[in-house]
Amino acid sequence: AHQSARGRGDAAMSVALDIFVVSCKAVLKVFIIGGVGCFARRRGLLDEDSCRKMAKLNGAVFLPCLLFVALGRSVTIDHLRNVWLLPLSACVNIALGAVMGKALVRALGTPPEFRGAAV
């Protein structure tokens with residue numbers, strides 16, 4: 001019984017490591033794309049208005065799609081059964097961060113134009 005529990009723990013750790021590696025690869029791609037964008041802006045290939053519109057499009061559409069696709073390739077129902085605590089803790093972390101951010105914005109009286117970036 002001890003060996004089978006240990007085997008499940010090793011499998012869960014392996015799956016968690018796989019998810020971590022895939023996530024890091026996805027984030028690295030985003031940083032590379034961002035670096036190309038910074039280079040283009042500094043060279044004058046993009047004006048300020050274009051950068052602003054592309055940043056909104058990137059944050060609202062492309063980045064979530066990239067992360068979803070990258071994680072979707074390696075995450076299966078069997079993997080989630082082994083590491084169910086990871087997605088649950090991520091959701092709890094995001095929810096608590098949002099609640100604490102909103103409370104802090106209200107407590108500090110942050111001006112409305114900064115609230116989107118603050119939370």
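For the chain, the longest principal axis of the alpha carbon atoms and the long axis of helix 2-42 meet at an angle near 10°. Extension gain, ARG42-LYS29: 0.36 nm per intervening residue step, less the Cα-Cα distance, totals 2.7 nm.
Considering only the Cα atoms of the chain, their convex hull presents on average a projected area of 10.4 nm².
Within the chain, the longest run free of trypsin sites (Lys or Arg not before Pro) that sit in a DSSP loop with at most 16 other Cβ atoms within 10 Å is 74-119.
Treating the angle as unsigned and between 0 and 90°, give the value, to the nearest 10°, between the Cα long axis of helix 48-57 and the longest Cα principal axis of the chain. In the chain, helix 48-57 runs at an angle near 30 degrees to the longest axis. Heavy-atom accessible surface of MET13, to the nearest 10 Å², is about 130 Å², with a 1.4 Å probe and all protein chains retained. Per-residue 3J(HN,Hα) values for the range 100-111, derived from phi via the Karplus relation 6.51 cos²θ - 1.76 cosθ + 1.60 with θ = phi - 60°, read 5, x, 5, 5, 5, 4, 5, 5, 8, x, 5, x Hz in sequence order (x marks Gly and Pro).
Solvent-accessible surface of the chain, taken per residue with a 1.4 Å probe and all protein chains present: 81 Å².
Here the relative contact order of the chain, from alpha carbon pairs under 8 Å that lie six or more residues apart, stands at 36 percent.
Taking the chain as the region of interest, the number of lysine pairs whose Cα atoms are within less than 24 Å, with members eight or more places apart or on different chains, is 4. The spacing between the range 5-56 and the range 90-106, judged by their C-alpha centroids, is 23 Å.
The values are calculated or read from the model by the stated rules, or taken from the named source; none is laboratory data. Source: prediction; values computed, not measured. We place every Cβ from the backbone using ideal geometry, glycine too, and count neighbours over all the protein chains shown. Heavy atoms of the whole protein, side chains included, go into the accessibility calculation; ligands, DNA and RNA do not. Shrake-Rupley method; radii C 1.70, N 1.55, O 1.52, S 1.80 Å.
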